[in-house]
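Enquirer: Please read through the structure below; I'll follow up with questions.
The values are calculated or read from the model by the stated rules, or taken from the named source; none is laboratory data. Every value quoted in this text rests on a predicted model; they were computed, and no experiment measured them. All Cβ positions, even for glycine, are placed from backbone atoms using ideal geometry, and neighbour counts span all protein chains on display. We work out accessible area using only protein heavy atoms, side chains counted, and drop any ligands, DNA or RNA first. Shrake-Rupley method; radii C 1.70, N 1.55, O 1.52, S 1.80 Å.
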Amino acid sequence: MMFDFLIPLIICVAIMLPLSRLAVAIDLVDKPDARKRHQNKTPLIGGIAVFLSSLAYLVPAAPSSQTFILLAIGFVLVVLGSIDDKLDLNAGLRLVIQAGAALAMIFWGGNQIFTVGNILFSDAVVMNTTASIIFTVVCTVGVINSINMIDGVDGLAGSTTLISFLALAFVAYQGGYASSLQILLCVSGAIVGFLLFNARIFYPSAKVFFGDAGSMFIGLMLLWFCIDLTQQADAPLSAVAAGWIFGLPLIDTVSVMVGRIVKGKSPFAAGRDHLHHQLIDSGFSISGTVKFMAAAHALIVIVGLTFNSMKASEPFLFWIFVLIVILHHFITPRFLAKRTSNKAIAR
């Protein structure tokens with residue numbers, strides 16, 4: 001298991017510099033503007049590096065049809081995501097690409113959501129085939145965009161997704177899902193390699209960004225293994241607990257999308273209305289924001305893992321999560337706005 005984590009990490013570190021130089025040469029970079037706070041052109045190759053590291057390790061180490069299908073769909077998303085990073089495709093086309101990946105996962109990979117668990121204090125809610133396909137597509141689009149939306153601060157998307165991948169790896173280990181465990185550790189190691197260049201550990205600011213290629217690939221991987229670990233007869237992960245493992249990115253994305261829809265805006269529009277923006281605007285530093293959100297996300301994930309095996313708690317766990325989303329949506333912005341106001345008065 002150690003090599004499943006360490007080798008992709010080493011590969012990711014080794015290829016980051018040459019990929020960065022290539023990105024600069026072909027102008028695959030994120031440029032500063034009025035909405036973005038970074039000062040320099042930054043290579044958008046973090047997601048590409050994570051994918052290539054996973055590919056280089058998994059093809060010889062885990063040669064199975066499911067692994068090849070997963071990597072093939074991931075390859076298409078990384079290529080299209082890179083094109084989006086370069087050309088800035090419109091939101092409609094991005095949604096079509098993401099929905100296409102979901103359909104490939106369903107019909108080619110045989111991976112889809114049939115049940116959302118016991119959320120109504122009775123039996124598990126099971127969907128028919130049509131509803132299952134629609135729901136899986138919606139979840140795929142939602143998860144990919146939640147990763148994209150939280151990728152607004154150095155180290156944040158990598159840190160939160162790493163926590164989720166490690167939680168899924170723990171569940172796979174407990175449930176005896178050896179092949180899933182191997183892939184989850186591999187991706188986790190590659191993300192750590194990416195974070196060495198993206199989080200403010202060795203550098204004052206990020207040297208590379210995930211890019212849309214990264215959010216698409218990571219989003220696909222997260223959803224794939226949440227489905228893999230929840231939809232089997234002997235599933236080691238509750239469908240409701242899987243929502244807690246998505247955790248803070250899911251909570252914040254639902255809140256932001258609802259807020260934008262209420263205001264008559266596109267839920268996929270750019271803006272500074274995410275939690276990380278609110279924290280920074282209220283006086284948190286970049287590092288402080290990442291630490292706070294990673295800790296909050298880890299706490300949410302731990303709660304999900306703790307109650308995962310307690311089947312009787314499943315409906316309570318679901319409605320508590322809904323309550324957290326509602327409280328976050330209405331209370332957090334007001335609390336942070338008041339904090340900002342108080343700091344302004346103190347000056």
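Enquirer: Is it the case, given these coordinates, that PHE246 is of a type in the set (Phe, Trp, Tyr) and open to solvent by less than 10 Å² (accessible area, probe 1.4 Å)?
Expert: no
Enquirer: Hey, another quick one. Filter region 303-318 down to residues that are surrounded by 14 or more Cβ atoms within 10 Å (Cβ to Cβ), in contact (Cβ under 8 Å) with a residue 40 or more places away in the chain and in a helix (DSSP H, G or I), then give me how many there are.
Expert: Adding up the residues that qualify gives 8.
Enquirer: Name the one entry in LEU55, LEU44, LEU77 that is closer than 28 Å to LEU196 by Cβ and open to solvent by 50 Å² or more (accessible area, probe 1.4 Å).
Expert: Step by step, each of LEU55, LEU44, LEU77 is checked, and only LEU55 is closer than 28 Å to LEU196 by Cβ and open to solvent by 50 Å² or more (accessible area, probe 1.4 Å).
Enquirer: I would also like to ask the following. Quick one: how many residues across region 163-208 are more than 26 Å from THR67 (Cα to Cα) and among the aromatic types (Phe, Trp, Tyr)?
Expert: Looking only at that region, the number is 3.
Enquirer: Follow-up question, since we're still on this one. Restricting to region 230-241, give me the number of residues that are open to solvent by 10 Å² or more (accessible area, probe 1.4 Å) and either within 13 Å of SER164 (Cβ to Cβ) or within 10 Å of the chain's Cα centre (by Cα) (or both).
Expert: Counting residues in region 230-241 that are open to solvent by 10 Å² or more (accessible area, probe 1.4 Å) and either within 13 Å of SER164 (Cβ to Cβ) or within 10 Å of the chain's Cα centre (by Cα) (or both) gives 0.
Enquirer: Pick from ILE324, ILE331: which is within 24 Å of VAL153 (Cβ to Cβ), open to solvent by 60 Å² or more (accessible area, probe 1.4 Å) and in a helix (DSSP H, G or I)?
Expert: ILE331
Enquirer: Six or more apart or on different chains, Cβ under 7 Å: which pairs go from a residue in region 22-38 that's open to solvent by 80 Å² or more (accessible area, probe 1.4 Å) to one that's at pLDDT 95 or above? Could you list them?
Expert: From residues that are open to solvent by 80 Å² or more (accessible area, probe 1.4 Å), the pairs are VAL24/PRO43.
Enquirer: Specify the residue that is nearest to ALA242 (Cα to Cα); the eligible residues are those in region 287-302 that are of a type outside the set (D, E, K, R) and open to solvent by 40 Å² or more (accessible area, probe 1.4 Å).
Expert: ILE302
Enquirer: Quick one: VAL126 ticks every box in (1) more than 23 Å from ALA269 (Cβ to Cβ); (2) at pLDDT 95 or above except a single one, so which number is it?
Expert: (2)
Enquirer: State yes or no: is PHE202 more than 18 Å from SER146 (Cα to Cα) and free of Cβ contacts under 8 Å to residues at least 60 places away in the same chain?
Expert: For PHE202, the condition - more than 18 Å from SER146 (Cα to Cα) and free of Cβ contacts under 8 Å to residues at least 60 places away in the same chain - is met.
Enquirer: Only one residue in GLY304, GLY259 is at negative phi and touching an Asp or Glu at 6+ places or on another chain (Cβ under 9 Å). Which one?
Expert: GLY259
Enquirer: Looking at VAL262, VAL258, VAL254, which is the one that is under 14 Å from the mean Cα position of the chain (by Cα) and surrounded by fewer than 22 Cβ atoms within 10 Å (Cβ to Cβ)?
Expert: VAL254
Enquirer: Among (1) open to solvent by less than 10 Å² (accessible area, probe 1.4 Å); (2) closer than 24 Å to LEU195 by Cα; (3) among the hydrophobic types (A, V, I, L, M, F, W, C), which single condition is ILE227 missing?
Expert: (2)
Enquirer: One residue is enough: does region 93-101 have a residue meeting the conditions out of contact with any helix residue (DSSP H, G or I) (no Cβ under 7 Å at 6 or more places or on another chain), of a type outside the set (Gly, Ala, Ser) and within 30 Å of SER238 (Cα to Cα)?
Expert: yes
Enquirer: Has region 205-212 got any residue that is in a helix (DSSP H, G or I), modelled with pLDDT of 95 or more and open to solvent by 10 Å² or more (accessible area, probe 1.4 Å)?
Expert: Checking region 205-212: not a single residue is in a helix (DSSP H, G or I), modelled with pLDDT of 95 or more and open to solvent by 10 Å² or more (accessible area, probe 1.4 Å).
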